[in-house]
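Asks: Handing you this structure, nothing more for now.
The values are calculated or read from the model by the stated rules, or taken from the named source; none is laboratory data. Note that the coordinates shown come from a computational prediction; the quantities given were computed from them, not determined experimentally. Quick reminder, even Gly has a Cβ in these numbers, built from the backbone with ideal geometry, and neighbours come from all protein chains shown. In case anyone asks, the SASA skips ligands and DNA or RNA and just uses the protein heavy atoms, side chains included. Shrake-Rupley method; radii C 1.70, N 1.55, O 1.52, S 1.80 Å.
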Amino acid sequence: MNTRAVVLKAARARFAREGFAATTIRLVALDAGVDASQVMQYFRSKDELFAGVMAITPAALERFSTAFEGPDKHLGERVVRAYLSAWEGVAEESEPLMAMLRGAIVNDTASGQLRDFIQSRLLVGTRDRLDPDAVLRAGLASSMLVGIVTGRRIIGVPTLVAADTETLVAVVGPAIQQILVPTAAATHLSTGPRRSQDSEGRQL
């Protein structure tokens, strides 16, 4: 592995673990086992180093895209599982996402990248769905799931940290299912609003 790749690997782990504000060139150099001047040879600033870290792996992108494939019946479970797997799975996939999430709190570049990333995944995931509010509903679901990841990995809410993946899928999956495939709302819209009746059962 060349020096640039070593630096990126160390920076990716540091940004994911500590966030943008707490990460410094010196700390990354220390993690990589190189001099800070060597880091600066490849990246002129922390912003440039952060941008280099933001390469989302094809495998992570695939997880988000394929979650929307298949029958609607278990869509909520698939989406929850895909998000948790991507954000909390193997370091190669999860660390760039976590670095982006932590950085978005204090860094405009990371905020923009996270926003664009989520929006692009929504457009890809809903491109074959015909209902007009599919992107909106996918956005609501994504916001909920990013909130769960934030609660688990950044804020450290004890009950969320303690919950295993299968428990979260079982609890959150039905809620995400209802948002993405709102069967009750669809039935209500297709039948129209019920008319009020008087005391003798006549429609008003």
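Asks: Hey, can you tell me all the residues within the stretch 27-43 that are within 17 Å of A13 (Cβ to Cβ), in a loop (DSSP other than H, G, I, E, B) and open to solvent by 40 Å² or more (accessible area, probe 1.4 Å)?
Replies: Passing the criteria: only G33.
Asks: Pick out the one residue from K46, K9 that is more than 26 Å from A141 (Cα to Cα), open to solvent by 60 Å² or more (accessible area, probe 1.4 Å) and basic (K, R).
Replies: Step by step, each of K46, K9 is checked, and only K9 is more than 26 Å from A141 (Cα to Cα), open to solvent by 60 Å² or more (accessible area, probe 1.4 Å) and basic (K, R).
Asks: Next question, about the same structure. Kindly establish whether P193 is open to solvent by 50 Å² or more (accessible area, probe 1.4 Å), at pLDDT below 75 and farther than 30 Å from A22 by Cβ.
Replies: yes
Asks: I need the helices (runs of 4 or more DSSP H) fully contained in the stretch 56-157, keeping only those with at least 3 residues that are under 24 Å from V171 (Cα atoms) and in contact with a Lys or Arg (Cβ under 7 Å, 6 or more places away or on another chain).
Replies: 75-88
Asks: Among the residues of the stretch 49-70, write down those that are of a type in the set (D, E) and surrounded by fewer than 13 Cβ atoms within 10 Å (Cβ to Cβ).
Replies: E69
Asks: Still on this structure, I have one more. Of the numbered conditions (1) open to solvent by 40 Å² or more (accessible area, probe 1.4 Å); (2) modelled with pLDDT under 90; (3) of a type outside the set (A, V, I, L, M, F, W, C); (4) closer than 20 Å to A22 by Cα, R115 satisfies every one except a single condition; which is it?
Replies: Answer for R115: the failing condition is (4).
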